[in-house]
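The values are calculated or read from the model by the stated rules, or taken from the named source; none is laboratory data. These numbers come from a predicted model, not from an experiment. Note: ideal-geometry Cβ built from the backbone for every residue, glycine included; neighbour counts use all protein chains shown.
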Amino acid sequence: MKNSIIFFGIDSLRSDHLGCYGYNRNTSPHIDKLASEGSLFLNNFSPNIPTTPGYASMLTGMDVINTQVVALRHKGLLRSEIKTLPEILQENGYRTICVGFTGNPSSRGFDEYFDYTAWGSWEEGRLHKAENLNEVTIPKLVELLHGEQPYFLFLRHMDPHAPYLPPAPYERMFYHGDECKPGNQSMEPIFNFEPHGEFHKSWMPPGITDKDYVISQYDGEIAYMDSCIQNIIQVLISHNVLDETLLVLNSDHGETLYEHDCYFDHHGLYECNLNIPLIIRYPEKVPKGKMISSYTSHVDIVPTILDLLDIETNIEFDGKKLTEQMLYNEKYKTEEFYITECTWMRKHGWRTPEWKLIIALEPDFHYKPEIELYNLNDDPNEIINLAELRSDKVKELTDKMNKWLEKRKKETGMETPIHDQGDWHGHEGIGSFKTSEQAYNTLRLLDATTAKRISEKSR
C-alpha cells in the first residue's frame, strides 16, 4: 500500500516561539521531537500573508501571481486551471480528508470535510480548540488506518490563532504574576487602538494591564496544541505506522505579538509574520535531525510531498522539491523573493537576506510611512526605517521587484493581483483608502463573532 500523509497546517504559528527554533520556553516538546526525527527548515517563509494566499500556495505549489489569491477576503474560487494537492492525490488513489478548513478557495478537492469549534470569547470561557479537532480527527484517522486506501489527512489547527484562551493548566504555564496589576500600562496602546481594541477586550480578562500575560497565553496555546498533536502521533504509534506516514508541519503565517503596533494579530510584512516553521518527518526518505538553512517557502511543499511519495505529474510548479536539500545539502539558487499583504493593509515589497523593502499601495490604519526599508543584518527587529537615508537601496530593490513581476506576468499571462483587489477590506463601494484616517475608521473588528465571520468566509 502507498504511504499516507498527515499535514499539520497550523494557523498563526511563528517559528521563533518553538523550542526547535531556539525559543527559551518549553512550548513544543512533541513538535521538537518530530523535528529531531526529521528535517527542520530554518529559513522558511510565508511570502504572502494572511491566511487565504498562504494556504493557496501551500496547497498548490504556485505563487501569488499564479493563484491570483492575495487578499484575506478573496472573491471567487481558486483558478480552475490550478490543481490542488488533494486533487492530485485523489487521481493517484488517495482518500483525502480535511478538518477545519471548509469554505476556503484553496480547500478544493477533499473527499470529506469536517469542522470543529475554534472560536470563542472571555464570556464563553476557555477554548479547547485542539481537543475539539482531535475529537473529530482521531476516529476518522482510526477508520483510515483500517482501510485499504492510502490517505491524505489535512488538519488546520486554530491554536495559536487569537483568541488566545488555552485551558488549564496551560493558561498559567508561562505566567505567574498578576495580569491586572495596577500601574502596568503596557495594555493601554492595545485597547486604545480603536479598530481592534474592542475585539481584544472581548477575549482578554477584564481589567488586564500586563501584555506579558497575553504573550504567555499565546505560548500556552502552542503548548496545549503540542500535547494534542502528540495524541494523534500516538494513534500512529499504536497502529505501528508512524514511520510509514509522511508528516508535514507548516503554518500559513506568523503572528505579531507586541511588535510594530500590530498587536496580537498577523498583519504587517515583518519577520514575525513571514518566518514560519517547516518540519518534515519521513524516515524512509528524510534524514533524521537535519537542519536546513537555505531559503524555502509555501510553494515548495507540494512538489516536495509528491517527490517523497514518488508521484509524478506534468505540472510545472513555482516551487522546488526540497529532497535534494534534505539529502545532499544543496541550496536554492535564489534567496530573494516577493512579499505581499492584503489583510488590514495593502502592501507589497521585496526581501533579500540583508534587506527588506515594504511599499504601501494605499494608506494604512497605523499611519505608517509609504515606504519602509530595513537592514535585516544590523536591525533584525526592523525598528529603524532607512528609506529616506538609503534612497539608492529603495530604488535598487524596487527595480528588482518590478523586474520580477514583469517576468512573472509574461510567464503566467496573469496580472499582479495586489493591484486589482477592489474592495479587498470587505466594505463594498469604498475602494482604495485615500487616508490613514479613513482606514482607521473603517477597519473595525468589534468582537470575536465578527472575527470568526471574517476568518471563515472568503469573498
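List of remarks:
Results for (1) without any contact (Cβ under 8 Å) to a residue 24 or more places away in the chain; (2) under 17 Å from Pro50 (Cβ atoms); (3) surrounded by 21 or more Cβ atoms within 10 Å (Cβ to Cβ); (4) touching a strand residue (DSSP E or B) at 6+ places or on another chain (Cβ under 6 Å), shown as yes or no for each residue.
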| residue | (1), (2), (3), (4) |
| --- | --- |
| Asp252 | no, yes, yes, no |
| Tyr282 | no, no, yes, yes |
| Asp300 | no, no, yes, no |
| Asp318 | no, no, yes, no |
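- Test: residue in the stretch 147-155 that is in a strand (DSSP E or B) and in contact with a Gly (Cβ under 7 Å, 6 or more places away or on another chain): yes
- In the set Lys75, Lys83, only one residue is more than 24 Å from Cys262 (Cβ to Cβ) and at pLDDT below 95; that residue is Lys75.
- When the residues of the stretch 124-143 are filtered to those that are surrounded by 19 or more Cβ atoms within 10 Å (Cβ to Cβ) and modelled with pLDDT of 95 or more, the one that is farthest from Met204 (Cα to Cα) is Leu141.
- Residues of the stretch 264-288 satisfying the condition of being charged (D, E, K, R) and closer than 29 Å to Ser4 by Cα: Arg281, Glu284, Lys285, Lys288
- Taken over the stretch 331-375, the residue count meeting the criterion of being assigned to a loop (DSSP other than H, G, I, E, B) and either over 21 Å from the mean Cα position of the chain (by Cα) or over 17 Å from His267 (Cβ atoms) (or both) is 19.
- Evaluation of Thr296 against (1) part of a strand (DSSP E or B); (2) free of Cβ contacts under 8 Å to residues at least 60 places away in the same chain; (3) of a type in the set (Ser, Thr, Tyr) (one fails), failing number: (2)
Each row is one residue, and each column tells you yes or no for (1) part of a helix (DSSP H, G or I); (2) surrounded by 19 or more Cβ atoms within 10 Å (Cβ to Cβ); (3) hydroxyl-bearing (Ser, Thr, Tyr).
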| residue | (1), (2), (3) |
| --- | --- |
| Leu165 | no, yes, no |
| Phe191 | yes, no, no |
| His196 | yes, yes, no |
| Gly207 | no, no, no |
| Tyr213 | yes, yes, yes |
